[in-house]
Amino acid sequence: MIHLPASVRVYLATAPCDMRRSFDGLHALVVTVMQLDAFAGHLFVFANRRRDRVKILYWDRDGFAVWAKRLEEGTYAMPFSESEEVRREITAQELGALLSGIDLSQAKRRRRYRRHTASIDEKSIECL
């Protein structure tokens, strides 16, 4: 089980990545392709075309860190898409399941309470 603070988000790249990329190459993918801030402390997950290797890039207060894993047998059930979607946000629990070999597309999520945050617009500020 992976325990991450609630403020940390997990983003999957929905296209295969060249696993020869390291810190700077993965950072460039986060900024240019995923169009996200790599310094925000979130996790960015990349997999290769064969889906037997995965790398996770994250900012660790004073530098980037890369976690990598190569499977000896089998593959990860990475949800690569043919659509224009370049990233997909998942939960830390889903990341743990994915790394454990669970196919998220076949897993059934049970309903849970989810708090919706309302954005404050100009009209509601004027009422205050």
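Every number in this text was worked out from the coordinates using simple rules, so none of it is lab data. Since the model is a prediction, treat every value here as computed from it, not as a measurement. FYI the Cβ positions are ideal-geometry reconstructions off the backbone, even for glycines, and counts take in every protein chain you see.
The string of couplings for the stretch 82-87 from the Karplus curve (6.51, -1.76, 1.60, θ = phi - 60°) is 8, 6, 7, 5, 9, 8 Hz, one whole number per residue in order, with x for Gly and Pro. A straight chain from GLU72 to ALA6 at 0.36 nm per residue would run longer than the Cα-Cα distance by 20.5 nm.
What does the charge count around ALA40 come to, taking other residues whose C-beta lies under 14 Å from its C-beta (Lys +1, Arg +1, Asp -1, Glu -1)? Around ALA40, the charge tally is 0. Express the relative contact order of the chain as a whole percentage, based on alpha carbon pairs under 8 Å and six or more residues apart in sequence. Rounded, it is 27 percent for the chain.
If the segment from LYS108 to VAL86 were pulled out straight at 0.36 nm per residue, it would be longer than the present Cα-Cα gap by 5.6 nm.
Derived scalar couplings between HN and Hα for the stretch 71-80 equal 7, 7, 9, x, 9, 8, 8, 6, x, 5 Hz in order, rounded to whole Hz, by the Karplus curve 6.51 cos²θ - 1.76 cosθ + 1.60 (θ = phi - 60°), x for Gly and Pro.
From helices alone, the chain scores -4000 deg cm²/dmol at 222 nm; the rule is -39500 (n - 2.57) for each run of n ≥ 4 DSSP H residues, then divide by the residue total.
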